[in-house]
Amino acid sequence: MSASAGSSPPPVVRVPRTPSNAPLEVRGPTDAPPDYAAIDEELRSRVLLSAFRNALIEELAPVPPPANLSPGFDGSMELVSALSAKYNNRPRDLTAGSLRVLYSLFPEWILVAFRKSFAVALPGVSARLNAAVTSLTSRWLMGPNTLNEGGKGVLVERCRYLEASGCVSTCVNGCKVPTETFLKEGLGVDLWMQPNYDTFECQFLFGAKPPPVAEDPAFDAGCMGQCNVAQQRVRMEAGRRCTGNDAAAMDRGKQ
């Protein structure tokens, strides 16, 4: 099954930008990130990370991967940044590209079998099974987590992906929306992801429909100060203002 087979286009989600005349606010925990070395050394983590990297490189094509790509998780995040740059200011394309990455990681027969065996016949069991699998297989990407909400939820303690990207748009358009869409269309399971941009926690609720974009607080946050794209935009806008001021001064000198 392709990412678009039998489905409507993903929603356009434009994260509100911080006004250019307002300072960017660095958000998130102030202490150093956890040491993920033990998680990264697990065989499961290495296998999943390799598959994720290869899928990102394939989605980037024909754009080549960044030169001198770092090993391990850092290299994967460099690929995520490159994918965001490829679809710069095109949130629907970024979501669709990230959705293709997710679909490429799962054989179609697994998705079909799960939908028929669990999602339709046993929705409660399906929600708990997805929560358990997510908790077990996502630590390499999101960090430590705990099961909650009666086994239907996963609380990510401090999302490694969000902290490494430092970007609200990458979180929303490159993770939250495509993951929710994949779970619903690919596995037949509703999922509501609730990132917290101050603590970097993320609550997964399986079996719960996400609210409309206008009512989901994840879409209300502006750019974070640690976001490289936001910093570049601010520098470019400041440069344009300086150029405009210089031109105005020259005009006044001619009068």
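The values are calculated or read from the model by the stated rules, or taken from the named source; none is laboratory data. Everything quoted here is computed from the prediction, not taken from an experiment. Cβ sites come from the backbone with ideal geometry, for glycine too, and all protein chains shown count toward neighbours.
Which of the residues belonging to region 53-68 are farther than 19 Å from Ser104 by Cβ and within 20 Å of the chain's Cα centre (by Cα)? Full working, then the answer.
Pass one, region 53-68, residues farther than 19 Å from Ser104 by Cβ: 66-68.
Within region 53-68, just Pro66 meets the criteria.
Out of all the residues in region 189-205, is one or more in contact (Cβ under 8 Å) with a residue 40 or more places away in the chain, surrounded by 18 or more Cβ atoms within 10 Å (Cβ to Cβ), more than 12 Å from the chain's Cα centre (by Cα) and under 22 Å from Leu56 (Cα atoms)?
Checking region 189-205: not a single residue is in contact (Cβ under 8 Å) with a residue 40 or more places away in the chain, surrounded by 18 or more Cβ atoms within 10 Å (Cβ to Cβ), more than 12 Å from the chain's Cα centre (by Cα) and under 22 Å from Leu56 (Cα atoms).
Is it fair to say Ser81 is in contact (Cβ under 8 Å) with a residue 40 or more places away in the chain, crowded, with 17+ Cβ neighbours inside 10 Å, over 27 Å from Cys167 (Cβ atoms) and of a type in the set (S, T, N, Q)?
Criteria not met by Ser81.
Val13: outside any helix (DSSP H, G or I), at pLDDT below 95 and within 18 Å of Thr181 (Cα to Cα), yes or no? Even if it seems obvious, please write down each step before you answer.
Working: outside any helix (DSSP H, G or I): yes; at pLDDT below 95: yes; within 18 Å of Thr181 (Cα to Cα): yes.
Taking the combined requirement at face value, the residue satisfies it.
Taking the criterion of being surrounded by fewer than 22 Cβ atoms within 10 Å (Cβ to Cβ), under 17 Å from the mean Cα position of the chain (by Cα), at pLDDT 95 or above and closer than 17 Å to Leu102 by Cβ, would at least one residue in region 159-178 satisfy it?
no
Among the residues of region 57-73, write down those that are without any contact (Cβ under 8 Å) to a residue 12 or more places away in the chain and of a type outside the set (A, V, I, L, M, F, W, C). Talk me through it step by step, then tell me what you get.
Filtering region 57-73 down to residues without any contact (Cβ under 8 Å) to a residue 12 or more places away in the chain leaves 61-62, 64, 67-71.
Correct list: Pro62, Pro64, Asn68, Ser70, Pro71.
For region 57-88, which residues satisfy the criterion of being assigned to a helix (DSSP H, G or I) and of a type in the set (Phe, Trp, Tyr)?
Taking region 57-88 and keeping what is assigned to a helix (DSSP H, G or I), we get 57-60, 72-86.
Passing the criteria: only Phe73.
May I ask you to verify whether Arg44 is in a helix (DSSP H, G or I), of a type in the set (D, E, K, R), at pLDDT 95 or above and more than 20 Å from the chain's Cα centre (by Cα)? Break it down into steps so the answer makes sense when it comes.
Values: in a helix (DSSP H, G or I): yes; of a type in the set (D, E, K, R): yes; at pLDDT 95 or above: yes; more than 20 Å from the chain's Cα centre (by Cα): yes.
Yes.
Among the candidates Ala132, Ala113, which residue alone is loosely packed, with under 14 Cβ neighbours inside 10 Å and under 20 Å from Leu191 (Cβ atoms)? Even if it seems obvious, please write down each step before you answer.
Values: Ala132 fails: loosely packed, with under 14 Cβ neighbours inside 10 Å.
The unique qualifying residue is Ala113.
Does Ala96 satisfy being hydrophobic (A, V, I, L, M, F, W, C) and surrounded by fewer than 22 Cβ atoms within 10 Å (Cβ to Cβ)? Outline the logic, then answer.
Values: hydrophobic (A, V, I, L, M, F, W, C): yes; surrounded by fewer than 22 Cβ atoms within 10 Å (Cβ to Cβ): yes.
Yes: the conditions hold for Ala96.
What is the number of the single condition among (1) of a type in the set (D, E, K, R); (2) farther than 29 Å from Glu78 by Cβ; (3) buried (at least 19 other Cβ atoms within 10 Å of the Cβ) that Glu185 does not meet?
Tallying (1) of a type in the set (D, E, K, R); (2) farther than 29 Å from Glu78 by Cβ; (3) buried (at least 19 other Cβ atoms within 10 Å of the Cβ), Glu185 fails exactly one: (2).
Which helices (runs of 4 or more DSSP H) sit wholly inside region 98-177 and have at least 1 residues that are over 25 Å from Leu24 (Cα atoms)?
Details: elements: 108-114, 123-137, 139-142, 160-165, 168-171.
In region 98-177, 108-114, 123-137, 139-142 are the helices (runs of 4 or more DSSP H) which contain 1 or more residues that are over 25 Å from Leu24 (Cα atoms).
Could you say which residue among Ala67, Ala51, Ala32 is small (Gly, Ala, Ser) and modelled with pLDDT of 95 or more? Lay out the reasoning, then the answer.
On the way: Ala67 fails: modelled with pLDDT of 95 or more; Ala32 fails: modelled with pLDDT of 95 or more.
From the options Ala67, Ala51, Ala32, the qualifying one is Ala51.
Given the conditions (1) in a helix (DSSP H, G or I); (2) over 20 Å from the mean Cα position of the chain (by Cα); (3) of a type in the set (Gly, Ala, Ser), and given that Ser50 satisfies all but one, which numbered condition is not satisfied?
With respect to (1) in a helix (DSSP H, G or I); (2) over 20 Å from the mean Cα position of the chain (by Cα); (3) of a type in the set (Gly, Ala, Ser), Ser50 is out only on (2).
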